[in-house]
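Peer 1: Supplied in structure tokens, the structure appears directly below.
The values are calculated or read from the model by the stated rules, or taken from the named source; none is laboratory data. For clarity, every value in this text was computed on a predicted model and none was experimentally measured. We place every Cβ from the backbone using ideal geometry, glycine too, and count neighbours over all the protein chains shown. Calculation scope for accessible area: heavy atoms of the full protein, side chains included, ligands and nucleic acids excluded. Shrake-Rupley method; radii C 1.70, N 1.55, O 1.52, S 1.80 Å.
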Amino acid sequence: MITPAFELTQDPDFLTIIIKVPYARASEFDVYFEGENFKFYAKPYFLRLILPGRIVEDGREKASYDTDKGIRTFTIRLPKEVPGQYFEGLDMLTSLLAPKKSRSAKPLVEEMAASAELSEEEDEEFDWEIEQTPYQESAESTLPLQYCYGFGNLRSGVFQRLQDELSDVIDIKDPDQTPVDERRRKRLAAEAAKFDPDHYLADFFEDEAIQHVLKYKPWWVDAHKKMTALQGESHQEHDTHTFVVFSEEEKAQLRKFTNKSYLLDKRSRHCVYLGLIDILLAYCYEICVNEGDKNVESSWNIRKLSATLCWLEFSSIHDVLVSFGRRVLCYPLHRHFGLVTRAFEDTVMILQLGKAAVLKCLLDIHKIFMENDPAYILNDLFITDYCIWIQKTKSKKLAALSESLQKTALAKSDIGFELEELEAAAVLVQEEESMLKAAGTVSKQQLPSSESETSDAEESSSTSSSETEGSDSDERKSSTSEDEKINSLQGTLQGERTAPLIDCNGLRQGTNTSTFEVSDEKPTVSLQSTSVPGKLIEELEKQMHTAIRLSEQPEGLATASCILQEQEENSVSEPDRFSKDTTGKGNFLEVSSKTNPLLFLCSTNEDED
């Protein structure tokens, strides 16, 4: 038999059931309803529902058949036994489908009793921050241990048969032989090894793309605003489900699920709720960064960011948030703490919208994993069971979970990667770089002013050179008179052969003379310190670059005298040669081939002595 497509709506007095049967005959169908039971048969379709409220047959019931839209549709209106009663969970199609097995069988009777006991426990206040201790197996057992995982820790031994797909789905290598506390240690070590400070700081400072995706608003944001706006109205909780609309594809998927019950103790239920938060956080991150679109990385993002799916590990609410924050900063492309905060806020919104919003998200995750080859295993382990279980969960439990989650705070210091220290150090480096850039800009601005000063210096040097040329012309005029004086002194110096001299050791020497000749065939002049005018001495002191040839007498007595030989025919060009020497093109020092020691010209006072 085929389960037809169906949906349920209600008003204060009637329940309406719409059934689509494209291949049925209108003349051959049967309808039966009583209390909470509803049955419909039209070959080859069969539908049996367990309703959330009681209906009654009192003559107001009505059925119609429509073929106008190309699809044969039966619409059946049934009166409520209690007018005005609200039937909760009419969009939870899987939970409405009756179980396939008979309720009278012994195992199901036990399940009903256990379910009643568990429902009483669910009415109690639940401590979401309960401290958990890993389960310790008895040491007396000789059988190899197999640890549980999956939805409510109800599965084991699955990955022993799926070793090829194991590495592509989860990070833990041997989940069947790894206890929960060891899974946690290995997860923390893997996250610490994967964390990249450079990647984190790059996304921290260059966050244009991240700020762009943070502006995206998924469907639950508008639904939450509508719900918040109607908080003051009396029937707000009854109309909450109207903010979440399921597509036809989602309804078809709900009809494919098998309705079943789960025997969960208090500890297992706690793990289920925490796993739900972890999975929703990863899903909200995926929707945000891809702005609602799906791609080949969607499946990887969800299962990689969820420690529940990737490491099969459960913990407290705060530990779930810390685990999710660490994994966001270690694995995906965008590693920014703002994305952690955004996913946290979105998860709170989804839980506040109720189980319809949670179911819609789980159906989307189920579809993403179904389209990815290795990830389908996670549907069998977690998502399918979550889709069935959430339809029977009480709304007040989700409301309490959202309140507890909202009160939980997550700071960067909780992540454990020293994020605040990294950011502070990076800011200091950035400030130093900006200061260096500013200093470079100032130096570049000072370059034009230095160039202008150089040009000013060149202008002043050209001015001084012109002044020097003027002084040279004055010197030419006075050179003739000075040359006459020097010539007159030459004979006097040549005649005074016995003038005492000082050698290198500071001793007076004999009467022989040494001659200083100006190189480059410059005219020589004889000097006597007692008779040379002061002006001429000052002029000679300026010519420090003039090379001197030191010569000695063959007798071995080192005597020195300064002889300036002036040629009258070159008296006019001599100042020009001096000006050339002042420009820096000085003559070189020529040393004679004789081995006599070098002597220096004595001072004026010594000559007088």
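Peer 1: From the list HIS270, HIS238, which one is surrounded by fewer than 18 Cβ atoms within 10 Å (Cβ to Cβ), modelled with pLDDT under 95 and closer than 27 Å to ALA400 by Cα?
Peer 2: HIS238
Peer 1: Also, I was wondering about something else. Inside the stretch 251-264, can you point out the residues that are under 25 Å from VAL348 (Cα atoms) and either open to solvent by 30 Å² or more (accessible area, probe 1.4 Å) or at pLDDT below 90 (or both)?
Peer 2: Within the stretch 251-264, LYS251, LEU264 meet the criteria.
Peer 1: Something else: Quick check on ALA63: is it without any contact (Cβ under 8 Å) to a residue 60 or more places away in the chain and either under 18 Å from LYS251 (Cα atoms) or not basic (Lys, Arg) (or both)?
Peer 2: yes
Peer 1: Output the number of the condition that VAL109 fails; it satisfies all remaining conditions of (1) assigned to a helix (DSSP H, G or I); (2) β-branched (Val, Ile, Thr); (3) at pLDDT 55 or above.
Peer 2: It is condition (3) that VAL109 fails.
Peer 1: Need at least 1 residues that are more than 20 Å from LEU410 (Cα to Cα) and either without any contact (Cβ under 8 Å) to a residue 40 or more places away in the chain or open to solvent by less than 10 Å² (accessible area, probe 1.4 Å) (or both) per element, so show me which helices (runs of 4 or more DSSP H) inside the stretch 294-394 make the cut, counting only ones lying wholly within it.
Peer 2: Of the helices (runs of 4 or more DSSP H) lying wholly inside the stretch 294-394, those with at least 1 residues that are more than 20 Å from LEU410 (Cα to Cα) and either without any contact (Cβ under 8 Å) to a residue 40 or more places away in the chain or open to solvent by less than 10 Å² (accessible area, probe 1.4 Å) (or both) span 298-305, 307-310, 337-353, 355-370, 384-390.
Peer 1: Of all residues in the stretch 395-426, count the ones that are on the phi < 0 side of the Ramachandran plot and part of a loop (DSSP other than H, G, I, E, B).
Peer 2: Number satisfying all stated conditions: 5.
Peer 1: Show the residue pairs that are 6+ apart or on different chains and have beta-carbon atoms under 6 Å apart, the first residue being within the stretch 190-203 and part of a helix (DSSP H, G or I), the second being open to solvent by 30 Å² or more (accessible area, probe 1.4 Å).
Peer 2: Within 6 Å, the pairs are PRO197/LEU422.
Residue by residue, here is whether (1) closer than 28 Å to CYS387 by Cβ; (2) modelled with pLDDT under 90 holds:
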residue: LEU188; (1), (2): no, no
residue: GLU191; (1), (2): no, no
residue: ASP203; (1), (2): no, no
residue: VAL213; (1), (2): yes, no
residue: LYS217; (1), (2): yes, no
residue: HIS224; (1), (2): yes, no
residue: PHE243; (1), (2): yes, yes
